Amino acid sequence: MTARSASEPSQNAAVRWWLLSVAALIAIMVLVGGATRLTESGLSIVEWKPVTGTLPPLTEAQWTEAFEGYKKIPQYRELNAGMTLHEFKTIFWWEWSHRLLGRVIGIAYLLPFLYFLWRGAVGGELKKRLWLIFGLGALQGAVGWWMVASGLSEKVEVSQYRLAVHLILALLIYSVIVWTLRRLTDRPPNPAPLRLKITALLLLALTFLQLYFGALVAGLRAGKVYNTWPEIDGAFIPAAGRLFFEQPWWRNLFDNTLTVQFEHRMTAYALLALAIVHAIDAVRSRASGEAIAGGAWWLVAAIMLQATLGILTLLNQVPIDLALSHQAMAIVVLTLVVLQVERLLPRRREVGQPKLAMPIGQPS
């Protein structure tokens, strides 16, 4: 066995651990972002300084300057007038931690990536995908500031449209990393019926749609109204006149708190129903294998728990502990959906992908 072939399994393991660590950091980042939103902290830093903003205020004068900057935006004047410097520091630390974690993720991704490129551990299609992930990460930083900027001049909060884009992009990056990580591990082929692949892809699309609606609910604070279940506004399906009173009609899908919460609920029901159909089909299809059937039922269980947490969060008017648990479970559901799709779709060895460990007895 050559020195290069002997090092390939360890390089492959290092790449996997690197991607796993970055995925974990992104999941934490999403939760910190959720806490930042729930504590109304996202507008506490009114400037975007990618380099110098790494350090927080260190002197009383710097704290006063940061506080005076916050006093100039509508959120302070209309919601937090009279806030003390101590209270400002509380919301500042949430936003600063969120931004710092973004910088940490960028460094944790780029430096090992450059090292792996230098060592020749990645190449071909894998290298292209890893560069794509880096590009999406850089875009995410710009989208984050684009979101914050929407609440600095005329509104007292960020645009729910931009908040949704910011969240979906973060979870898209997370999903691509999870997918890439799974494609670096070996598994036997799983021949499965086309319908199973189609329903898995539909589950993935519906999950992202549900995550988008969830971001709109958060952006509009729609979880703090209509705090009953299973009825909403006095009925399981509210009156059309209440759902679509804004003009043009499509604005209700994004701006009407009743409509946004209603579509979030209905998508949850549809997601659970489709997951159950997919799981039953996976069990009945003998060609699917135990891994696919097991993955399908784990997904059903996760969606049921996620729905339960969502209901409890709504009934209790969005306490931070339940809200963050609901968001964390959403990441678990997304992870399980991505893994299920990856199991079902055919794979091929990517050009430039490090080789996996060589079976014992195979000549080098």
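Quick note: the coordinates plus some simple rules give every number you see, no bench work behind them. Since this is a predicted model, take the numbers as computed values, not measurements. Note that we place each Cβ from the backbone using ideal geometry, even for glycine, and neighbour counts take in every protein chain shown.
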Once both label points are put 7 Å beyond Cα along the C-beta direction, the Leu202-Ala81 separation in nm becomes 5.4
Fraction of alpha-carbon pairs in the range 7-185 farther than 30 Å apart, rounded to whole percent, equals 28
Computed, not fitted: 222 nm per-residue ellipticity of the chain from DSSP H runs ≥ 4 (each -39500 (n - 2.57)), nearest 500, equal to -24000 deg cm²/dmol
Labelled set (1) 1.08; (2) 1.00; (3) 1.02; Rg/Rh (Cα atoms, Kirkwood Rh) computed from this model equals the value at (3)
Of Gly106, Gly241, Gly219, the most mobile residue in a GNM of the chain (C-alpha springs, cutoff 10 Å) is Gly241
Across Phe245, Phe116, Phe67, the residue with the highest GNM fluctuation in the chain (Cα network, 10 Å cutoff) is Phe245
For Lys71, counting only lysines whose alpha-carbon sits under 27 Å away and dropping same-chain residues fewer than eight positions off, the answer is Lys49, Lys89, Lys155, Lys224
The farthest towards the positive end of the charge dipole of the range 189-353, of the residues Ala301, Gly289, Leu258, given +1 on Cβ of Lys and Arg and -1 on Cβ of Asp and Glu, is Gly289
Reduced to Cα centres, the span from the range 284-339 to the range 152-221 in Å works out to 13
By the DSSP-based rule, helices of the chain that are at least 27 Å long along the axis (C-alpha) and have a mean Kyte score of at least -0.5 are 3-38, 85-119, 124-149, 160-183, 194-220, 257-284, 290-315, 320-344
A chain fully extended from Phe236 to Ile107 at 0.36 nm per residue, minus the present Cα-Cα distance, gains in nm 41.6 nm
For the chain, averaging the sequence separation of alpha carbon pairs under 8 Å that lie six or more residues apart and dividing by its residue count, the contact order in percent is 25
Two pseudo-spin positions, 7 Å from Cα along C-beta at Arg221 and at Arg284, lie apart in nanometres by 4.8
